[in-house]
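Undergrad: I am attaching a structure below and will ask some questions about it afterwards.
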Amino acid sequence: MVVKVLVVGGGGREHALAWKLAQSPHIQQVLVAPGNAGTANGEKISNSEVSVSNHSILAQYCKDHQVGLVIVGPEAPLAAGIVDDLTAAGVACFGPSSKAAQLEASKSYSKAFMERHGIPTARYGSFTDPREACNFIRTADFPALVVKASGLAAGKGVIVAADQDEACQAVMDIMKDGAFGSAGDTVVVEELLEGEEVSCLCFTDGSSVAPMPPAQDHKRLQDGDLGPNTGGMGAYCPTPQVSQELLQQIREIVLQKTVDGMREEGSPYVGVLYAGLMLTKQGPKVLEFNCRFGDPECQVLLPLLKSDLYEVIQNTLEGKLATSAPVWHNDSSAVTVVMASSGYPGTYAKGVQIKGLSQLQDMELQVFHAGTALKDGCVVSSGGRVLTVTAVRPALETALQAANQGVAAIGFPGAVYRRDIGHRAITHLKQRRGLTYKDSGVDIAAGNKLVETIKPLAKATSRPGCNAELGGFAGLFDLKAAGFVDPILVSGTDGVGTKLKIAQACGRHGGLGQDLVAMCVNDVLAQGAEPLFFLDYFSCGSLDVDVASSVIGGIAKACEMAGCALLGGETAEMPGVYSAGEYDLAGFCVGAVERGALLPRIGDITEGDLLIGVASSGVHSNGFSLVRKVLERANLSYSSPSPFGTSAQTIGEALLTPTKIYSRLLLPILRSGAVKAYAHITGGGLLENIPRVLPQELAVDIDASRWSIPSVFSWLYKEGGLSEAEMTRTFNCGLGAVLVVSPINAQVVLHQLHAEKTAAWIVGSLAHKQPGGEPVVVRNLKHSLLKAEPACSDGMAVNQDSSAPHKRTRVGTNLQALIDQAKRPSSSAQIVVVISNRPGVQGLKRASLAGIQTRVVDHKLYGSRAEFDSTINTVLEEFGVELVCLAGFMRILTGTFVKKWTGKLLNIHPSLLPSFKGVNAQKQALQAGVRVAGCTVHFVAEEVDAGAIIVQEAVPVLVGDTEDSLCDRIREAEHRAFPTALELVASGTVRLGNDGHIEWKSPLKNTC
């Protein structure tokens, strides 16, 4: 969905927000109110004159102009309740509520809040009486030299005094002379802290925090940090003075504590939280909180944001930051230099014309406007801070040099600016000190932090045989405690391929954990093994604890899903081997199976066995190099709306759908003995994986029209111009696993899979492989790919899909299908007689050729139906018949006959009963306009086509179908369904209960 957004504000911060938002493919237009010359009349950015102080008018404006999101830049509207009022009016707004914004709006409230929640800050006093404030300054046992107006003062309400007299004078200026108006009705007097001042901001959804890279503002007007305080003369990011360990500490003891405290006090904080900090010898201490992006910090932070800002904001509003943290350019530095009017921060002239701005684009610089306006087509100054020039370069020094060159290229008479932005960082970087392991790029502390983070995640995967405690040299597993008697160990290892590249590009790492576990666990299942424990290997160039925690947290969660313990792992930090932001994964799974239950059972697999396909969730974790090549050919990015999957997804989100884990679903079925072999459809696709579990003399015949192919494969096929062979040897094409079962067990296994709300289908069978023949033949693939649709949302497939091309073909008969089934060594049925009411028919010849005795009971020779039925009954008793199949028998049987053979009489009807009973079922289906027809095998009851249903198979109604074409495809389905039903009843798996309903006697063993 493409939306309009409105940015509230008119400074450099708001220009930077609009600039970054306009890069999102989700955004149609960015409106800025009131905006400035830089946000006027852009390709996607324009100004709006709507009043932002009247929230009712603003809300109506947003509704009238289809504005889907409002983003608030400055602090004053937030404190005035703009978020509360717009939200109440049904307009989405990004920022904290007015109650939460008190963290900035009232320094008195903020200091008391920090005191209540143990957040480190300077010692202080809060006063409404200037005399009491001055007394505090003179009697405090610490240097109480920082005087702050408690309310909002546009970033200028702080005076750092040189001595007590100057501090007292500041109190008088604020409280008696009203230097900052009502903002100074209350003053906060604080301890003067010593150290480095930094700005640490984060996105927060009210529960989780996602820190931004630390930045440093420069408040003083002149180089060397001289001159009066200002709103900020420049900033740079990141600050090398803040290590990853220190940033993690700030995250925990400041940012997260603040968010937790606000939530506990009933004022959940959602938006951007800005902590101004002093890095003292005692650790970081909070100087102040702001409830929005800083200005000019915003102008260096957003150019370093790799993620889509609109997506980040949406994830924040939807509470998804814990799983979708923003991604940053960690290999660059940004510097912004403010150009101010002559006389700032005092009085200054306006209307000064500014020239040369167009040159900066060629210099790969970005100019963010603040106090500018358009006059007669020219840009002129309209405020104190007028422009910010931002440079992003690989190193801080080169970024500063580039920004200064940009400032020099702008024609702005009398402009005031600093040339030493980032000087503290440059000095810090040049300090010579002894090398450490961290200097080489290996951060031991980060590694230790990661281990502590993931320990409880691993602990949650404990299971019988293993307590999943991390930290030792090796892990232990007790097979006896896990209940094994005579086990064989099974091991598997795998990775997730270049799906990694998509996750890294999208900044969505958590799902890779499930991919990794699934690829290994699904492999050991092929031996019939229960996955017992898992180990992971995470390698990177530079350890990002948040990213690694997300990945390994996903691994732990997936281990719980699979029923195996996360027993251990290795995190390898290898500088120079991987580029910034890159990492690789490998997984190792060990399982066990009792010796007698080992799969595949090669000796039991025979011609005529059926293949059950179990649905995949999509591409899983194979073939992504080809997927990425198709995307490149289609000129699409991961943030583009997905042409497959759900409508709300991006391509990246759809492709990162995690691989299905089959262990808990399939283990009970595998242990039952009903499955002869299981193939994991992994690298090599359908063509290479199924033969791995089969005898060499057998071939696979698969019909792609019999399962639901996810639309991602249709899109890849068409967009990439891929061949059918390429599709089937690269991708799973919608089947994540294939089971080999005997016909007698096929419906039972399907029944169990469907009961677990898992899509599964009988997709093919095994046949003798002809000399020189292909081991796997996939029929109807092209047609199915061209018709592919997304799978059902709940994953449940009740009936078989048997679609086929429109061509009219000759098909066999149900009688022949039953004869062929009964000939199989595994069949529970023996056909002893074929009875016809007409002599010379083809069915009698088929029976004779198969060595089956025949009888003709001509209905024309009998005076009544009762006499005819009685003769039929006599013949059946003569041959000791136990089960009767009506294959093309069109005579209506008497109630007496039906009652005598209740539960032993089977019929097949060419529709999905109870729909379209009686004759001309196909015609009825076409006239009704249904999209699915099919066939039904049922027990015969006295009412026509009303008996209990044994087997059904669905057949799609295709565009242009005629009665003949639909009839042909339904007959093909009948030839599969009728033999299946025969086996179910003949084996005793299905019977008719006394209440007239089907009763299943499952051959699956009790696995408890």
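Undergrad: With label points built 7 Å along Cα→Cβ from the Cα atoms of LEU861 and THR874, find their separation and express it in nm.
TA: 1.0 nm
Undergrad: Once a ≥ b ≥ c are taken as the square roots of the eigenvalues of the Cα gyration tensor of the range 807-922, is the result rounded (a/c under 1.5), prolate (a/b larger than b/c) or oblate (a/b not larger than b/c)?
TA: Working: a/c = 1.39, a/b = 1.09, b/c = 1.28.
Rounded.
Undergrad: Same structure again: Counting only helical runs of four or more DSSP H residues, what would the 222 nm mean residue ellipticity of the chain come to if each run contributes -39,500 (n - 2.57) and the total is spread over all its residues?
TA: Numbers: 33 runs with 315 residues, N = 1008.
The per-residue figure over the chain is -9000 deg cm²/dmol.
Undergrad: At 7 Å along Cα-to-Cβ for each site, give me the label-to-label distance between LEU429 and ILE602 in nm.
TA: Here the modelled spin labels are 6.3 nm apart.
Undergrad: Work from the charge dipole of the chain (Cβ charges, +1 for Lys and Arg, -1 for Asp and Glu, about the Cα centre) and give the residue of PRO914, VAL352, LEU321 farthest towards its positive end.
TA: Going by the Cα projections, it comes out as PRO914.
Undergrad: Which one of ALA634, SER617, ILE502 has its Cα pushed farthest toward the positive end of the charge dipole of the range 499-647, where Lys and Arg give +1 and Asp and Glu give -1 at the Cβ?
TA: Farthest towards the positive pole: ALA634.
Undergrad: Scattering from the C-alpha atoms of the range 814-1000 alone, worked out with Debye: what is log10 I(q)/I(0) at q = 0.10, 0.12, 0.15 1/Å?
TA: Results for the range 814-1000 at q = 0.10, 0.12, 0.15 Å⁻¹ read -0.41, -0.60, -0.95.
Undergrad: Over all distinct Cα pairs, what is the inverse of the mean 1/r for the range 441-594, reported as the Kirkwood hydrodynamic radius in Å? Walk me through the intermediate numbers first.
TA: Working: mean 1/r = 0.0640 Å⁻¹.
Averaging 1/r across every pair of different Cα atoms and inverting gives 15.6 Å.
Undergrad: How large is ³J(HN,Hα) for each residue in the range 71-83, as worked out from phi by the Karplus curve 6.51 cos²θ - 1.76 cosθ + 1.60 (θ = phi - 60°), to whole Hz, x for Gly and Pro?
TA: 10, 9, x, x, 7, 4, x, 5, 5, 7, x, 4, 5
Undergrad: Oh, and also: Let me know the shape class of the range 172-284, please: from the alpha-carbon gyration tensor, a ≥ b ≥ c as square roots of the eigenvalues, rounded when a/c is under 1.5, otherwise prolate if a/b is greater than b/c, or oblate.
TA: Numbers: a/c = 1.98, a/b = 1.22, b/c = 1.62.
Note, shape of the range 172-284 comes out oblate.
Undergrad: Can I ask one more? Computed over the Cα atoms, what is the radius of gyration of the range 602-787 divided by 2.2 N^0.38 Å, N being its residue count?
TA: 1.04
Undergrad: If you look for lysine pairs in the range 891-1008 that are eight or more places apart or on different chains, how many of them have Cα atoms under 27 Å apart? Don't skip to the end; give the middle numbers.
TA: On the way: LYS899/LYS917; LYS899/LYS1001; LYS900/LYS917; LYS900/LYS1001; LYS904/LYS917; LYS904/LYS1001; LYS904/LYS1005.
So the count works out to 7.
Undergrad: Around VAL990, what is the net charge, scoring Lys/Arg as +1 and Asp/Glu as -1 over all other residues with Cβ under 15 Å from its Cβ?
TA: Net local charge, VAL990 excluded: -1.
Undergrad: Scan around VAL884 for amide H atoms under 5 Å from its own, H built in the peptide plane at 1.01 Å from N, and keep only partners 5 or more places away or cross-chain.
TA: LEU905, LEU906
Undergrad: Now for a separate question. Name the long-range amide H neighbours of SER911: under 5 Å, sequence gap of 5 or more, or other chain; modelled H, no Pro or chain starts.
TA: Answer set, sorted by chain and number: THR936.
Undergrad: Right, next: Express the Stokes-Einstein translational diffusion coefficient of the range 737-783 in µm² s⁻¹, to the nearest whole number, given a Kirkwood radius over alpha-carbon pairs, 20 °C and a viscosity of 1.002 mPa s. It would help to have the intermediate numbers written out before the result.
TA: Values: Rh = 12.9 Å.
Estimated diffusion coefficient is 167 µm²/s.
Undergrad: Quick one: with all protein chains in place, what share of the accessible area of the chain is carbon or sulfur, to the nearest percent (1.4 Å probe)?
TA: Working: 21280 of 42640 Å².
Within the chain, the accessible surface is 50 percent carbon and sulfur.
Undergrad: Excluding residues on the same chain fewer than 8 positions from LYS845, give the lysines whose Cα lies under 19 Å from its Cα.
TA: Cross-link targets: LYS823.
Undergrad: Apply the Karplus curve 6.51 cos²θ - 1.76 cosθ + 1.60, θ = phi - 60°, to the phi angles in the range 716-732 and return the couplings in whole Hz, x for Gly and Pro.
TA: Per-residue couplings from phi come out as 4, 4, 6, 5, x, x, 7, 7, 4, 4, 5, 4, 7, 9, 10, 10, 7 Hz.
Undergrad: I've got another one for you. Using the Cα centre as the reference, give the magnitude of the dipole from point charges on the C-beta atoms of the chain (Lys, Arg: +1; Asp, Glu: -1; all else neutral), rounded to the nearest 20 debye. Walk me through the numbers before you get to the answer.
TA: Numbers: 88 positive and 100 negative charges, 439 e Å.
Magnitude of the dipole: close to 2100 debye.
Undergrad: I'd like the orientation of helix 444-459 relative to the chain: the angle between its Cα long axis and the longest Cα principal axis, in ° from 0 to 90, rounded to 10.
TA: Orientation of helix 444-459: about 40 degrees from the principal axis.
Undergrad: What number, in percent, do you get for the relative contact order of the range 138-195 if the mean sequence gap of Cα pairs under 8 Å and at least 6 apart is divided by its residue count? Kindly include the intermediate steps, with their values, before the conclusion.
TA: Numbers: 92 pairs, mean separation 26.5, N = 58.
Relative contact order for the range 138-195 comes out at 46 percent.
Undergrad: Right, next: How much length is gained if the chain between ARG595 and ALA580 is pulled fully straight, taking 0.36 nm per residue apart and subtracting their Cα-Cα distance, in nm to one decimal?
TA: 0.7 nm
Undergrad: Quote to one decimal, in nm, the extra length available between LYS782 and LYS823 on full extension: 0.36 nm per residue of separation minus the C-alpha distance between them. Walk me through the numbers on the way to the answer.
TA: Details: separation 41, 0.36 × 41 = 14.76 nm, distance 3.37 nm.
Extending this stretch completely gives an extra 11.4 nm.
Undergrad: When Rg is the radius of gyration of the Cα atoms in the chain and Rh is its Kirkwood radius, what does Rg/Rh come to?
TA: Details: Rg = 37.3 Å, Rh = 33.5 Å.
Taking Rg over the Kirkwood Rh, I get 1.11.
Undergrad: Further, regarding this structure: Please go through the residue pairs LYS499/LYS757; LYS44/LYS350; LYS320/LYS629; LYS306/LYS557; LYS148/LYS219 and name each one whose alpha carbons sit more than 23 Å apart in this structure.
TA: Details: LYS499/LYS757 27 Å; LYS44/LYS350 28 Å; LYS320/LYS629 30 Å; LYS306/LYS557 27 Å; LYS148/LYS219 15 Å.
Those over the limit are LYS499/LYS757; LYS44/LYS350; LYS320/LYS629; LYS306/LYS557.
Undergrad: Students often forget the sequence filter, so: which aspartates and glutamates lie under 20 Å Cα-Cα from LYS660 once same-chain residues fewer than 8 apart are removed?
TA: Of all the aspartates and glutamates, those that pass the test against LYS660 - Cα under 20 Å, at least 8 places apart if same chain - are ASP494, ASP515, ASP523, GLU530, ASP536, GLU560, GLU688, GLU756, GLU789, ASP794.
Undergrad: Another question, if that's okay. Starting from the Cα-Cα distance between SER462 and ASN330, subtract it from 0.36 nm times their residue separation and give me the gain in nm to one decimal. Intermediate results must be reported in sequence, preceding the final value.
TA: On the way: separation 132, 0.36 × 132 = 47.52 nm, distance 3.62 nm.
Between SER462 and ASN330, full extension yields an extra 43.9 nm.
Undergrad: Hey, another quick one. Rounded to whole Å and sorted largest first, what semi-axes of the equivalent ellipsoid does the C-alpha gyration tensor of the range 333-437 yield via the square root of 5 times each eigenvalue? Walk me through the intermediate numbers first.
TA: Values: eigenvalues 193, 48, 15 Å².
One finds semi-axes of 31, 15, 9 Å for the range 333-437.
Undergrad: Is the range 1-81 best put as rounded, prolate or oblate by its Cα gyration tensor, with a ≥ b ≥ c the root eigenvalues, rounded for a/c under 1.5, and otherwise prolate when a/b is larger than b/c, oblate when not? Write down the numbers at each step before the final one.
TA: Values: a/c = 1.64, a/b = 1.20, b/c = 1.37.
Taking the square roots of the gyration eigenvalues as a ≥ b ≥ c, the range 1-81 is oblate.
Undergrad: Further question: How high is the relative contact order of the chain, given as a whole-number percent (alpha carbon pairs under 8 Å, six or more residues apart)?
TA: On the way: 2214 pairs, mean separation 71.8, N = 1008.
Result for the chain is 7 percent.
Undergrad: Still on this structure, I have one more. Report, in debye and to the nearest 20, how large the dipole of the range 441-594 comes out about its Cα centre when Lys and Arg carry +1 and Asp and Glu carry -1 on their Cβ.
TA: 280 debye
Undergrad: Continuing with the same structure: Quick one: which residues, 5+ away or cross-chain, put their amide H under 5 Å from the amide H of SER333? H built at 1.01 Å from N.
TA: Hits under the 5 Å cutoff: ARG393, ALA395.
Undergrad: Another question, then. For THR896, THR871, THR398, THR39, give the ranking by accessible area with the largest first, probe 1.4 Å.
TA: Numbers: THR896 110, THR871 40, THR398 60, THR39 0 Å².
Largest to smallest exposure gives the sequence THR896, THR398, THR871, THR39.
Undergrad: Still on this model: Given +1 on the Cβ of Lys and Arg, -1 on the Cβ of Asp and Glu, and no further charges, what dipole in debye does the range 3-94 carry about its Cα centre, rounded to the nearest 20? Mind dumping the intermediate values first?
TA: On the way: 5 positive and 7 negative charges, 50 e Å.
The calculated dipole for the range 3-94 is roughly 240 debye.
Undergrad: Oh, and also: Relative contact order for the range 602-787: what is it in percent, counting Cα pairs under 8 Å that are at least 6 residues apart? Please report the intermediate quantities before stating the final value.
TA: Working: 342 pairs, mean separation 73.4, N = 186.
Computed over the range 602-787, the figure is 39 percent.
Undergrad: Right, next: At 7 Å along the Cα-to-beta-carbon direction for both SER491 and ALA322, put a label point, then send me their distance in nm to one decimal.
TA: Going from the SER491 label point to the ALA322 one covers 3.6 nm.
Undergrad: Sticking with this one: Kindly report the accessible area of the range 814-1000 per residue (heavy atoms of protein chains, probe 1.4 Å, no ligands, DNA or RNA), in Å². Provide the component values of the computation, followed by the final result.
TA: Values: 9160 Å² over 187 residues.
I get 49 Å² per residue for this part.
Undergrad: Return the sequence-ordered ³J(HN,Hα) values of the range 486-503 in whole Hz as given by the Karplus equation 6.51 cos²θ - 1.76 cosθ + 1.60 applied to θ = phi - 60°, using x for Gly and Pro.
TA: Whole-Hz 3J(HN,Hα) from phi for the range 486-503: 9, x, 10, 7, 10, 10, x, 9, 6, x, 10, x, 7, 4, 3, 4, 5, 4.
Undergrad: Can you list the aspartates and glutamates whose alpha carbon sits under 18 Å from that of LYS20, skipping same-chain ones fewer than 8 residues off?
TA: GLU43, ASP295, GLU297, ASP308, GLU311, GLU364
Undergrad: From the residues VAL30, VAL3, SER106, which one has its Cα farthest along the dipole of the range 1-112 in the positive direction, the dipole being from +1 and -1 charges on Cβ of Lys/Arg and Asp/Glu about the Cα centre?
TA: With unit charges placed on the Cβ atoms, the residue in question is SER106.
The values are calculated or read from the model by the stated rules, or taken from the named source; none is laboratory data. Remember, it's a predicted structure, so these values are computed and weren't measured experimentally. Neighbour counts are summed over all protein chains in view; Cβ atoms, including those assigned to glycine, are modelled from backbone coordinates with ideal geometry. Side chains are part of the model used for accessible areas, which takes the heavy atoms of the whole protein and leaves out ligands, DNA and RNA. Shrake-Rupley method; radii C 1.70, N 1.55, O 1.52, S 1.80 Å.
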